[in-house]
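Student: Let me begin by handing over the structure; questions about it come next.
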Amino acid sequence: ADTLGAQAAKSGRYFGAAVAAGRLGDGTYSTILDREFNAVTPENEMKWDATERTRGSFTFTAADQIVGHAVAHKQRVRGHTLVWHSQLPGWVGSITDATTLRTVMRDHITAEATHFKGKIYAWDVVNEAFADGGSGARRASVFQNVLGDGYIEDAFRTARAADPAAKLCYNDYNIENWSDAKTQAVYRMVRDFKSRGVPIDCVGFQSHFGTSGPPSSFRNTLANFAALGVDVQITELDIAQAPATAYADTVKACQSVARCTGITVWGIRDSDSWRSGENPLLFDSAGNKKAAYGAVLSALGGT
Ligand code: G3I
């Protein structure tokens with residue numbers, strides 16, 4: 001096959017892109033999106049600040065646009081994200097009472113997952129809950145600080161009840177290198193969840209890499225998580241300067257792990273990227289394929 005999505009599909013995988021609703025009307029953008037990708041992740045439109053700016057008042061217009069587009073083009077949707085410390089409205093961040101916050105969190109998850117029920121392949125239920133550095137600790141956030149460690153499993157149970165068919169993922173960055181304390185901490189959490197029957201189906205490795213690409217242990221990391229009985233996915237891939245080899249290495253790591261079900265790049269053209277100064281994507285700002293594109297296609301087994 002000669003597109004990323006079609007080639008990934010040959011091994012039962014998807015190849016997706018983060019999408020911004022505001023760009024769907026750009027013909028260059030949507031042409032590439034619908035030609036190359038068979039999965040999408042709304043880049044910002046499903047986040048709490050976009051969907052529940054005031055308590056109990058939900059806005060899904062922009063996210064619905066993306067989901068509608070995806071359904072029309074038979075693209076899977078990764079829902080991103082239900083519980084995250086960032087892009088969180090101030091009214092949530094200022095709650096100090098645990099009973100109130102627990103209700104607010106559950107209501108948010110239930111409302112959003114119910115709204116999109118039946119249309120979501122996988123939800124990033126909780127995003128970036130662990131701290132950077134060598135501590136292996138949970139990241140401080142209103143959820144962690146007010147509710148304690150249990151908020152993560154509570155979020156997963158709530159999401160399962162709202163949309164039992166969606167795969168439920170934990171998603172984070174800097175968990176690609178096996179020996180890192182953060183990787184180990186997330187691994188222990190997933191192992192614990194699996195052993196106690198907390199409903200978790202997948203782990204998302206964001207994979208925002210520097211020019212050298214993935215750590216050499218990346219394949220091993222994916223395989224070790226998969227061995228816990230979860231799918232693994234590369235969820236927000238971008239690589240500074242988009243070196244072809246680094247992209248190929250990343251794709252090969254996923255292709256070599258049976259339960260690595262797909263890859264999402266975090267944007268389409270360099271000009272669409274949150275790190276646009278680093279030209280980290282597969283298409284240049286004019287929409288032309290870069291060298292990394294060819295490397296990815298051939299790593300997927302295509303020509
Ligand atoms: O919504 C406002 C809009 O009202 C305003 O007019 C505009 C002016 O700049 O800003 C808009 O908000 C921006 C938002 O993107 C939507 O475009 C924010 O300023 C900007 O900070 C925000 O950046 C996003 C970032 O998450 C926020 O944390 C990026 O687009 C998005 O790519 C990035 O994605 C995250 C993942 O969700 C989680 N993992 C890391 C990844 C990269 O940071």
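Student: To the nearest 10 degrees, how steep is helix 98-115 against the longest Cα principal axis of the chain, on a 0 to 90 scale?
Tutor: For helix 98-115, the angle is close to 40 degrees.
Student: Which is farthest toward the positive dipole end of the stretch 33-101 among TRP84, VAL40, GLY56, measuring Cα position about the Cα centre, with Cβ charges +1 (Lys, Arg) and -1 (Asp, Glu)?
Tutor: VAL40
Student: Sum -39500 (n - 2.57) across every DSSP H segment of at least 4 residues in the chain, then divide by the residue count to get the 222 nm mean residue ellipticity, nearest 500. Could the numbers behind the result be given before it?
Tutor: Numbers: 12 runs with 118 residues, N = 303.
Counting only the DSSP helices, I get -11500 deg cm²/dmol.
Student: Now for a separate question. Once you charge only the Cβ atoms, +1 for Lys and Arg and -1 for Asp and Glu, what is the size of the charge dipole of the chain about its Cα centre, to the nearest 20 debye? Show your work: numbers first, answer last.
Tutor: Working: 31 positive and 32 negative charges, 152 e Å.
Charge dipole, the chain, about its Cα centre: 720 debye, nearest 20.
Student: Something else: Name the long-range amide H neighbours of GLY79: under 5 Å, sequence gap of 5 or more, or other chain; modelled H, no Pro or chain starts.
Tutor: Hits under the 5 Å cutoff: TYR121, ALA122, TRP123, ASP124.
Student: Right, here's the next one. Between ASN145, ASN177, ASN44, which gets the highest mean-square fluctuation from a Gaussian network model of the chain, Cα cutoff 10 Å?
Tutor: Residue with maximal mean-square fluctuation among ASN145, ASN177, ASN44: ASN145.
Student: To two decimal places, what compactness ratio does the stretch 1-127 give when its Cα radius of gyration is scaled by 2.2 N^0.38 Å? Don't skip to the end; give the middle numbers.
Tutor: Details: Rg = 16.0 Å, N = 127, 2.2 N^0.38 = 13.9 Å.
Dividing the Cα radius of gyration by 2.2 N^0.38 Å gives 1.16.
Student: Moving on. For the stretch 154-303, give the magnitude of the charge dipole about the Cα centre (Cβ charges: +1 Lys/Arg, -1 Asp/Glu; no others), in debye to the nearest 20.
Tutor: On the way: 15 positive and 15 negative charges, 92 e Å.
Computed charge dipole of the stretch 154-303: roughly 440 debye.
Student: While we're on this one: Treating only the Cβ atoms of Lys and Arg (+1) and Asp and Glu (-1) as charged, compute the dipole magnitude of the stretch 227-303 about its Cα centre; round to the nearest 20 debye. Mind showing how you got there, number by number?
Tutor: Working: 6 positive and 8 negative charges, 41 e Å.
With only Lys, Arg, Asp and Glu charged at Cβ, the dipole is about 200 debye.
Student: Under the √(5λ) rule applied to the eigenvalues of the Cα gyration tensor, what semi-axes describe the equivalent ellipsoid of the chain? Give them in Å, descending. Don't skip to the end; give the middle numbers.
Tutor: Details: eigenvalues 172, 102, 59 Å².
Semi-axes, largest first: 29, 23, 17 Å.
Student: Comparing ASP249, ASP149, ASP272, which has the greatest mean-square fluctuation in the GNM of the chain with Cα pairs linked when under 10 Å apart?
Tutor: Looking only at ASP249, ASP149, ASP272, the largest GNM fluctuation is found for ASP149.
Student: Something else: Which whole-number percent is the relative contact order of the stretch 33-110 (Cα, under 8 Å, 6+ apart)? Kindly include the intermediate steps, with their values, before the conclusion.
Tutor: Numbers: 78 pairs, mean separation 29.4, N = 78.
Here the relative contact order equals 38 percent.
Student: From Cα coordinates alone, what are the radius of gyration and Dmax values for the stretch 119-253 in angstrom?
Tutor: Cα only, the stretch 119-253: 14.9, 44 Å (Rg, Dmax).
Student: A follow-up question, please. Restricting to Cα pairs below 8 Å that are 6+ residues apart, what does the relative contact order work out to for the chain? Please round to a whole percent. Please report the intermediate quantities before stating the final value.
Tutor: Details: 627 pairs, mean separation 51.5, N = 303.
Once normalised by length, the contact order is 17 percent.
Student: Still on this structure, please answer the following. Looking at ASN224, GLY204, GLY262, which one has the Cα that reaches farthest to the positive end of the dipole of the stretch 197-263 (charges on Cβ: Lys, Arg +1; Asp, Glu -1)?
Tutor: Looking along the dipole axis, the top candidate is ASN224.
Student: Could you let me know the centre-to-centre spacing of the stretch 100-130 and the stretch 32-87, using Cα atoms, in angstrom?
Tutor: If you average the Cα positions of each part, the centres end up 12 Å apart.
Student: Name the longest site-free stretch of the chain, where the excluded sites are trypsin sites (Lys or Arg not before Pro) in a DSSP loop with no more than 11 other beta-carbon atoms within 10 Å. Could you put the intermediate results ahead of the total?
Tutor: Details: sites that count: LYS10, LYS74.
Longest stretch, sites excluded: 75-303.
Student: Do the alpha carbons of any pairs in LYS47/LYS74; LYS47/LYS119; LYS167/LYS289; LYS10/LYS74; LYS47/LYS182; LYS10/LYS194 sit beyond 20 Å of each other, and which pairs?
Tutor: LYS47/LYS74; LYS167/LYS289; LYS47/LYS182; LYS10/LYS194
Just so you know, all these numbers are worked out from the coordinates, no wet-lab data involved. Computed from a predicted model, the values in this text were never measured in an experiment. Every residue, glycine as well, gets a Cβ built from its backbone with ideal geometry; the counts of neighbours run over all protein chains shown.
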